[in-house]
Structures are given as C-alpha cells and as structure tokens.
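*Asks:* Sharing a structure, written as structure tokens. Questions coming.
Every read-out reported here was derived from the displayed coordinates using simple, explicitly stated rules and does not represent laboratory data. These numbers come from a predicted model, not from an experiment. Positions of Cβ are backbone-derived with ideal geometry, glycine not excepted, and every protein chain shown enters the neighbour counts.
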Amino acid sequence: MNRTVSHNGTVFLFFVLILAFGTLLSAGLARSTGFDTSQDSWAVLTGYGQSFPGWGETSQRVHTVDLIPRYEHRIFDDIGSGWYQGFHSLLVEIPLSFVVSSDVSAMVGMNFLACYTFTAGQRWNPYLFGGGGPLYSFADIKGMGSDFNGNYQFGFGVKHHWRQEHDLLFELRYHHISNGGSKEPNDPLNSCKILFGITF
C-alpha cells in the first residue's frame, strides 16, 4: 500500500511540474486565446497498450488496442522564444480501449490533458502532456474491484507537419488505472501506450 502511495505521489509531482513549467512560461509572455477557436483542431489516434506485472502494484498483464478521438483547444499562444517557444493547450479525449487479453472486452473514458507544444521547429514539433479523468471498464480483469475507475497519464509526442490541413502524431504514454481505494481489491494497471494519429 505504501509503495502505491509513494508511486502515485511521484507521478503526481511530475504532472504538477509540467503544469508549473507551462504556467511560468506563459506568465507575461503569452497571448491568451480565450474563446478563440480558430486554431483548435481535431485528431484521431490509435495504437497499442500493455500493463506490466510488478510495476507498482500491477499484477495482471493486460493488452489493449486503443482508439482515441481528441479535441485540442489553445489556451495560451506565443509563449517564450528560442528552443522553448510554443503554446499551451487543453486536450479533451474520449478513449476507447479494446481489451484483447486477459479478457476480451472494452474500456471507455474521458481525459482532460494539459499540453505544451514546442514550435521552434519548422516540420517537427515535440510536446508534453499530462492529466486524467474517469474510466469505465466492461472487462473482467482480476484484481480490479470496480467497474468505475479513474485514470491519469503523462507522456510526450511529436507532431509532424505532413500536409497543410493534416499533421501526423506519434506518442508514448504512461497510463495508470485504479479505483482510488473506493473498492477492494484495487490492483492498479500501470501501462505504456504507443499511439499514432492524424489531425484534421
């Protein structure tokens, strides 16, 4: 139990540092876009995820194929200069994960992710993101005592300007699912996900 709390605390601290970094950069340097949606975009990502027994309190190896519609809204634009020039945005996702092992079923949720995109490059723009939200599992996975769970995640990605109206996305994420101790057992799923997508 203590190991779980310590692990969750470390992940939470990392997420807070990402948000603090973006906030410090934006203070006094950024232009707020407010309710301007002219630079907003939609994207669809797909990929593969796997949990790892022994990573924290994870006991089951679960494989998923993921489909994630995403809406991105810019919050602060024109942040910084040089290598850290970029913008701050909010990502809203409705992930659908098809569980292909150990059960054959699905999980669906909603994510709210803070994102910072570096825009110094002409064709390649790296970005950092983190956040979470609610998740419902239809899958019967040993150790998960509740269908209603929460998830948090963080990761990094690269956006490649492919065509004028489309960017290609490549992402690597850490993903945590648990019920927060609301029911027992509460064996979490600590996973890695590799995702590819396109904006439109």
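*Asks:* Straight-line reach from Lys142: which aspartates and glutamates have Cα under 15 Å away, leaving out those fewer than 8 places along the same chain?
*Replies:* Once the sequence-local aspartates and glutamates are set aside, what remains near Lys142 is Glu57, Asp103, Glu184, Asp187.
*Asks:* Excluding residues fewer than 8 places away in the same chain, name every one of the lysines whose C-alpha is closer than 23 Å to that of Lys159.
*Replies:* Lys193
*Asks:* Separate question: Along Cα→Cβ, 7 Å out, is where each label goes; now give me the distance between the ones at Val158 and Leu96 in nm to one decimal.
*Replies:* 3.0
*Asks:* Another question, then. Could you derive backbone 3J(HN,Hα) for the range 132-149 from the dihedral phi with the Karplus parameters 6.51, -1.76 and 1.60 (θ = phi - 60°), listing whole Hz in sequence and x where the residue is Gly or Pro?
*Replies:* Per residue, the Karplus-derived 3J(HN,Hα) values read x, x, x, 8, 10, 10, 8, 7, 9, 10, 4, x, 8, x, 9, 6, 8, 9 Hz.
*Asks:* Cβ under 14 Å from Val108's Cβ, Val108 left aside: what net charge do those residues give with Lys, Arg +1 and Asp, Glu -1?
*Replies:* With Lys, Arg at +1 and Asp, Glu at -1, the neighbours total -3.
*Asks:* For the range 133-200 and the range 35-69, write down the distance between their C-alpha centroids in whole Å.
*Replies:* Centre-to-centre distance over Cα atoms comes out at 3 Å.
*Asks:* If you don't mind, another one. Over 10 Å intervals from 0, what percent of Cα-Cα pairs in the range 144-200 sits in each interval?
*Replies:* Pair shares across the bins are 23, 33, 24, 16, 5, 0.
*Asks:* Rounded to two decimal places and with Rh computed the Kirkwood way over Cα pairs, what is Rg over Rh for the range 42-110?
*Replies:* Over the Cα atoms of the range 42-110, Rg/Rh equals 1.16.
*Asks:* Continuing with this model, one more query. For Lys183, give me every one of the aspartates and glutamates with a C-alpha distance below 14 angstrom, ignoring sequence neighbours fewer than eight places off in its own chain.
*Replies:* Counting by Cα, and skipping residues close in sequence, Lys183 has these aspartates and glutamates nearby: Asp147.
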